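Data first, discussion second: the structure below is written as structure tokens.
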Amino acid sequence: NDGPGTAWNDAHARTAWLSFLERELCDVILDTQSNADTAPIELWAGFVTDSDTILSFNYDTLVERSLEKLKKKWNHGTAESEENGSTVCKLHGSIDWIVAHREENFSKFDLIFDKQNENRGKENTGFIEDDYRLWRCHDSGQLGRWIRGRHLQMVPPSAVPRWVGIAGLGAYKPLHHFPGLGRVWVRGMQALNRADQAIIIGFSMSDFDAMAQLHFADVAKERITKGNPLPVTIIDPFLDETAKNRFLRVFRTVEFITERHEEIEWSKV
């Protein structure tokens, strides 16, 4: 552990830089999505029904905003029972999520996950889902104030600071830091298990998503074993052969459409 050139110190330096970049990432996403043209997403969202499930690794809220603009109901799949509308599973978290100690209450935010535990005492257990709850900003105005002022917010000395519900940068995503995210992954994989079709847009199945590859491959293998393979359509004009092979290795039954998603006629997909 001694000296600036050791692997231990190098790892801590990288972790520190990633944390700085992650803080800046929140501001970048907020600014970018505020000025984004959502027309192409709204075109797709017009064909989304209540029986559809959207799996997203993005931190932005463009999908949710587009569904709301079209007055369509949606949910994050964090409730114990089925909810109304399309389920939007944010598998790596979302910029408008807030993780906070359960002693804190936000009257103006939406509580989207609170683990019920009758045996829980007043002392912290050391487990995220027992000690924390997951909240969501109700609208874009709240989100802007939350992100801009997050470093100024005061928390009780006895409580752990609240944080933005995104899984950060790099290959390692600390998904266990987010209460309710396990339920989101389960809902997402259940949806793939019963889906008639999966359409993938803007996801390259990179090595940074090894966990997703494993879960997707498990679902695909189970469906093939049952004689009901999952038809997968990839919409991406920029995929190279290496990326195509990754999709084929995971899903087996894959069709590639080399068009931009903005040009797709969704009624025919």
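The values are calculated or read from the model by the stated rules, or taken from the named source; none is laboratory data. Keep in mind that what you see is a predicted model, and the values were worked out from it rather than measured. Reconstructed Cβ throughout: ideal geometry from the backbone, glycine too, with neighbour counts over all protein chains shown. Surface accessibility is based on the protein's heavy atoms, side chains included, excluding ligands, DNA and RNA. Shrake-Rupley method; radii C 1.70, N 1.55, O 1.52, S 1.80 Å.
Key figures for this structure:
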{"quantity": "Candidates 61, 6, 38 - the one that is of a type in the set (Val, Ile, Thr) and farther than 25 Å from residue 234 by Cα", "calculated": "6"}
{"quantity": "Criterion: open to solvent by 60 Å² or more (accessible area, probe 1.4 Å) and within 26 Å of residue 17 (Cα to Cα) - qualifying residue of 174, 161", "calculated": "161"}
{"quantity": "Scan of segment 77-108 for residues that are in contact with a helix residue (DSSP H, G or I) (Cβ under 9 Å, 6 or more places away or on another chain), surrounded by fewer than 18 Cβ atoms within 10 Å (Cβ to Cβ) and at pLDDT 90 or above, ordered by number", "calculated": "79, 85"}
{"quantity": "Residue tally, condition in contact with a helix residue (DSSP H, G or I) (Cβ under 9 Å, 6 or more places away or on another chain) and exposed (fewer than 15 other Cβ atoms within 10 Å of the Cβ), over segment 26-35", "calculated": "2"}
{"quantity": "Output for segment 221-269, where each listed residue is part of a helix (DSSP H, G or I), open to solvent by less than 30 Å² (accessible area, probe 1.4 Å) and over 12 Å from residue 205 (Cβ atoms)", "calculated": "223, 266"}
{"quantity": "Candidate set from segment 196-220 (those that are within 23 Å of residue 51 (Cβ to Cβ) and not in a helix (DSSP H, G or I)); member that is most open to solvent (accessible area, probe 1.4 Å)", "calculated": "196"}
{"quantity": "Count of residues meeting criterion [touching a residue at least 12 places away in the same chain (Cβ under 8 Å), open to solvent by 20 Å² or more (accessible area, probe 1.4 Å) and out of contact with any Pro (no Cβ under 8 Å at 6 or more places or on another chain)] in segment 129-141", "calculated": "3"}
{"quantity": "Test set (1) in a strand (DSSP E or B); (2) in contact with a helix residue (DSSP H, G or I) (Cβ under 9 Å, 6 or more places away or on another chain); (3) open to solvent by 10 Å² or more (accessible area, probe 1.4 Å); (4) not β-branched (Val, Ile, Thr) - residue 111 fails condition number", "calculated": "(2)"}
{"quantity": "Any hit, segment 225-235, residues being under 29 Å from residue 35 (Cβ atoms) and over 15 Å from the mean Cα position of the chain (by Cα)", "calculated": "yes"}
{"quantity": "Cβ-Cβ under 6 Å pairs, at least 6 apart or on other chains, segment 196-211 side under 19 Å from residue 40 (Cα atoms), far side in a helix (DSSP H, G or I)", "calculated": "201/261"}
{"quantity": "Pairs, first farther than 11 Å from residue 86 by Cα in segment 47-70, second among the hydrophobic types (A, V, I, L, M, F, W, C) and surrounded by fewer than 18 Cβ atoms within 10 Å (Cβ to Cβ), C-beta under 8 Å, six or more apart", "calculated": "47/266; 57/203; 59/25; 60/36; 62/36"}
{"quantity": "Qualifying residue in segment 87-99 (condition: over 18 Å from the mean Cα position of the chain (by Cα), within 19 Å of residue 161 (Cα to Cα) and of a type in the set (A, V, I, L, M, F, W, C))", "calculated": "no"}
{"quantity": "Helices (runs of 4 or more DSSP H) wholly inside segment 1-75 that include at least 1 residues being within 24 Å of residue 164 (Cα to Cα)", "calculated": "7-34, 62-69"}
